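The values are calculated or read from the model by the stated rules, or taken from the named source; none is laboratory data. Since the structure is predicted, the reported quantities are computational estimates derived from the model, not experimental observations. Here the Cβ positions follow ideal geometry from the backbone for every residue, glycine too, while neighbour counts run over all protein chains shown. Side chains included, ligands, DNA and RNA excluded: accessible areas come from the protein's heavy atoms. Shrake-Rupley method; radii C 1.70, N 1.55, O 1.52, S 1.80 Å.
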Amino acid sequence: MAERAGGQPWWQRGAIYQIYPRSFADSDGDGIGDLRGIVDHLDHLNDGTPASLGVEAIWLSPFYRSPMADFGYDVADYCDVDPIFGTLADFDRLVVEAHRRDIKVVVDFVPNHSSDQHAWFAAARAARDDPRRDWYVWRDGGGPGRPPNNWRSEFAAVGRAWTFDAASGQWYLHSFLPEQPDLNWDNPEVEAAMHDVLRFWCERGVDGFRIDVAQKLAKDPQLRDVRPGEPPPNEDWQPTIHERLRRLRAVVDEYPDRMLVGEVYLLDLQRVIAYINSGDELHLAHNFTFLHLPWDAAAFRASIDGFEALAAQAAWPAWFLANHDHPRVASRFDADGQGPARARAVLLMLYALRGTPFVYQGEELGLPDAEIPPDRVVDVDGRDPERAPIPWRAPSQAGPGAGFTTGEPWLPITRAAEELNAERQGSDDASTLTLTRRLAWLRRDQPVLATGEQRTVDAGDDLLAWLRSDDDDGAGVLAIVNFAAQPRAVAAPPGLAGHGTLLLSTDPARDDGALTLDGLRLAAGEGVLIRIG
Ligand code: NOJ
């Protein structure tokens, strides 16, 4: 594994920033973001100075050829760029420009299903004896109108996970939309074809892959019904899933310094950690148990401790609390109007916990979900609010497209664009963008935040506290977040009573400098990083 200064691989060092290309930046005025728009804004992500976010890598949600039934997660050609987003030449330029700024490029890999418009599925559907038929999951039904089993689509609005194909008289499986037929990973030709997709993008210079619904790459070959209390037969099928992930890892290991991060959407930490603990499957797994926590200090502490207790020495956490599928933090944790403060505290957690921070575009601006009027709803699963375009500039100056587009944006831009746009926040010392930049660069200035050991400590009710340190004498960085909706006084954790130096607070009103830990009052939602010893 190639390593740079600091002895850590790149995917552990700093933040990996998720770009949802449709909503990041539109360069040609069609109202939909594109690859050239991303290139135009790379300096926002990392220009080598603390005036940028200093991200280590970008992860791009799908930009492949697609009919866009699931906005790109229905892939019609795994090895081409959709014309909405640009061309392969635009992609190559994006890789060059990102690498020039020391930004790694991670792309989405969607191996569980293709689009129904993919040439493979067109062939599979055309005739029962087509060689591609078995590349998808076809079965006879249990009688007229009765699908082969009781599996449901992950999208509640879709209902059952099977669609009847009248022409061939069989049903096909789709874990998501009917337009997203599941590929049959029990067929070795499918696995080999998907390995070639990884090689195609590695050859083009990408540094890693985010694997969409990684847990679904192995299912019960007998397709037995889902039964309460039993391991789900429609995902995480043991031990096949681990064998397949090992083979994916072997493919990316044909190239130096590549990384696999899995969307492992299992709400059981033990099962998630099994994907990273052996060291020869995924490098990182998104931990969805974390994303589903209530805003409660004890719950977060239990989750953090739970990961550390289960993880093998080499296993490395990937922290995230937002992506393009879930309400934004500033809205999700907005009880009592505390959303904006809590969104700032979440950023501190992501950057100061032991692990890789995954930051979803717009989190650095503290964006709330956008309001989507009924006639603008486009997603089948209610995910439009968190996918609204990024406001780069104030609408009063840049027009209604807020610097995202000169045209009509494909989804409405947040009403908060006038205050929360990137340009305005960039010159405001108290803004969430300034805070995020400071956190990112602090992680570089205080290497203990990237490399140090971690233990959670007691600091009082409603306070989540953890110490990052390199040695046993207690020196290091203490992080404390106040989860209460009121101010709370810190009770100095055992062995840490005494003085420290404030490195950063999420509350712009607090002064930097020396402080006494015991009795330190934190504002509602405030998070602090304190140098100890
Ligand atoms: C997870 C992706 O994040 C989501 O956006 C998509 O709809 C499903 N997988 C299906 O690909």
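Brief remarks on what is shown
- Accessible area of the chain belonging to carbon and sulfur atoms, whole % at 1.4 Å probe: 49 percent
- Note that the chain shows a convex hull volume over its alpha carbon atoms of 149 Å³ per residue.
- Stretch gain in nm, segment ALA157-LEU515, where the contour uses 0.36 nm per residue and the Cα spacing is subtracted: 123.5 nm
- Structural descriptor for region 471-530: relative contact order 49 percent, calculated from alpha carbon pairs under 8 angstrom and at least 6 residues apart.
- Rounded accessible area per residue of the chain, 1.4 Å, Å²: 37 Å²
- Distance between region 142-180 and region 10-80 - C-alpha centres, whole angstrom: 33 Å
- Extension gain (nm, one decimal) between LEU502 and ALA126, 0.36 nm per residue minus Cα-Cα: 128.7 nm
- Toward the positive end of the charge dipole of the chain, with +1 on the Cβ of Lys and Arg and -1 on the Cβ of Asp and Glu, the farthest Cα among LEU347, THR87, ALA430 is that of LEU347.
- Relative contact order, percent, the chain [alpha-carbon distance under 8 Å, six or more residues apart]: 13 percent
- Each helix, a run of at least 4 DSSP H residues, gives -39500 (n - 2.57); summed and divided by the residues of the chain, these come to -7000 deg cm²/dmol at 222 nm.
- If you take all other residues with their beta carbon under 12 Å from the beta carbon of ALA214, and give Lys and Arg +1 and Asp and Glu -1, the sum is -1.
- With the whole protein complex present, SER278 retains an accessible surface near 70 Å², based on a 1.4 Å probe.
- Rounded Å value of the spacing that divides the Cα centres of region 316-361 and region 245-278: 23 Å
- Full extension of the chain between ASP92 and ASP225 yields a length gain of 43.4 nm, computed as 0.36 nm times the residue separation minus the alpha carbon distance.
- The charge dipole of region 357-410, taken about the Cα centre with unit charges on the Cβ atoms of Lys, Arg (+1) and Asp, Glu (-1), comes to about 240 debye, rounded to the nearest 20.
- Annotation for region 464-533 versus region 191-211: alpha-carbon center distance of 44 Å.
- Here the calculated FRET efficiency for ASP296 and GLU453, from their Cβ-Cβ distance with R0 = 35 Å, stands at 0.90, rounded to the nearest 0.05.
- Applying both filters, DSSP loop and at most 12 other Cβ atoms within 10 Å, to the GluC sites (Glu not before Pro) of region 246-303 gives GLU254.
- FRET efficiency for ALA314 and ASP445, using Cβ-Cβ distance with R0 set to 30 Å, rounded to 0.05: 0.70
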